[in-house]
Amino acid sequence: MGDHLTDENLVRRAQEGDHEAFQALVRRYESLVAGTVIGMLGNCPEADDVGQETFIRLYRSLKNFRGESKLGTYLTRIAINLSLNELKRRKRRKSLFFQKPIDEMHDLPDEGADAELDEDREIVQQAIGRLEAKFRSVVVLRLIDGYSTEETARILKIPIGTVLSRLSRAQKKLKELLTPYFGA
Amino acid sequence: MKKNISELLYLSFDGQLTEDEQQWLKEALEQSAQLRQEKERIAALRGSISSGAPKSFRPFFAERVMRAITTAREAKSGLQRFSESLQLAFRRVALVGATVILLLLAFNIVRTGDVSFAGALGIPQETLVEVLESPFDATVEDLL
């Protein structure tokens, strides 16, 4: 259900209590939220929980959602804030999730082209995970979710200049981390 | 602020260069093979970041979200039921208590024939003179 319906229609139906309409919205925006959350937290069970929480927050705020911002942007803002909270919690717990030495990535199984692609993705993901949260968030929004610099600035509530400088520093750091794996 | 060519190269991917900067970068790229290579590397890096991120959660994500919403709603309605029954029980206790208090007030009024507030509470009405002229005039010696 819902493939032919616009976001506004699905939101209106969900506001009226139509669960199928809300489920259609979840399906529609799963990939966007997954890109943000997994980009920020890595592919871990907490990412799934944060993804679920993002949609639960949307469900709870549906009555107040007036469509002033695009639903995707609204969800991304929730997802990025929840991810940043999770990172703070992680920092407090001194989790070692992203502290794994980048050399350990070579331990991944190598079984053909798919495995190689997965390994590359894993390396990139772990390199992103080694960035500070403030740099990671701009990389995720701009390069993974594909938001413009203006949209990224609006979502993170920071000036465009800050987005650009963080993006530039993040890319330099990522280049430094990834060069040993993908060559100079 | 004057930007260096490396900064301009990174910024050029996000479309934030002035016309002068674009021109400067264009000329620098034409002159330097190393810079052109660097541009390709940045493009490849950005490509691998955007294509490398997983774009889905574990299977049946939408179903899990809906289940979590239903569970939360049921838990909320359970909590609501508990709160309502607690309110109902308290209301009964409050009603019985208020009735008992009213009966006691009425009993005191009937007993003393005094319809004042003090009479209803069963407080004996004494004047200041009556209190001061209390028959208690024992001395310390008597007490000892």
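Test A:Glu176 against the stated conditions and say whether it is in contact (Cβ under 8 Å) with a residue 24 or more places away in the chain and either more than 7 Å from every other protein chain (Cβ to nearest Cβ) or in a loop (DSSP other than H, G, I, E, B) (or both). Against the criterion (in contact (Cβ under 8 Å) with a residue 24 or more places away in the chain and either more than 7 Å from every other protein chain (Cβ to nearest Cβ) or in a loop (DSSP other than H, G, I, E, B) (or both)), A:Glu176 does not qualify. Would it be correct to say that B:Thr112 is over 30 Å from A:Glu53 (Cβ atoms) and either among the β-branched types (Val, Ile, Thr) or within 14 Å of chain A (Cβ to nearest Cβ) (or both)? The answer is yes for B:Thr112. Within segment A:1-48, the set of residues being facing chain B (nearest Cβ under 9 Å), β-branched (Val, Ile, Thr) and more than 19 Å from A:Ala133 (Cα to Cα) comprises A:Val26 only.
Summed over segment A:1-39, residues that are of a type in the set (A, V, I, L, M, F, W, C) and either surrounded by fewer than 17 Cβ atoms within 10 Å (Cβ to Cβ) or touching a Lys or Arg at 6+ places or on another chain (Cβ under 6 Å) (or both) total 4.
Results for (1) open to solvent by less than 50 Å² (accessible area, probe 1.4 Å); (2) among the polar types (S, T, N, Q), shown as yes or no for each residue.
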{"position": "B:Ala44", "(1), (2)": "no, no"}
{"position": "B:Phe57", "(1), (2)": "yes, no"}
{"position": "B:Glu63", "(1), (2)": "no, no"}
{"position": "B:Arg67", "(1), (2)": "no, no"}
{"position": "B:Thr71", "(1), (2)": "no, yes"}
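Does A:Glu53 satisfy being more than 10 Å from every other protein chain (Cβ to nearest Cβ), under 19 Å from B:Arg58 (Cβ atoms) and open to solvent by 10 Å² or more (accessible area, probe 1.4 Å)? When the stated conditions are applied, A:Glu53 does not pass them.
Looking at segment B:5-53 only, could you name the residues that are facing chain A (nearest Cβ under 9 Å) and hydroxyl-bearing (Ser, Thr, Tyr)? Once the filter is applied, which keeps residues that are facing chain A (nearest Cβ under 9 Å) and hydroxyl-bearing (Ser, Thr, Tyr), segment B:5-53 yields B:Ser6, B:Tyr10, B:Ser48, B:Ser50, B:Ser51. Scanning segment B:91-105 finds one or more residues that are touching a Leu at 6+ places or on another chain (Cβ under 8 Å) and surrounded by 10 or more Cβ atoms within 10 Å (Cβ to Cβ).
The values are calculated or read from the model by the stated rules, or taken from the named source; none is laboratory data. Keep in mind that this is a model prediction, so the values were computed, not measured. Virtual Cβ from ideal backbone geometry, glycine too; neighbours counted across all protein chains shown. For the accessible areas, the whole protein counts, side chains as well, though only heavy atoms, and no ligand, DNA or RNA atoms are used. Shrake-Rupley method; radii C 1.70, N 1.55, O 1.52, S 1.80 Å.
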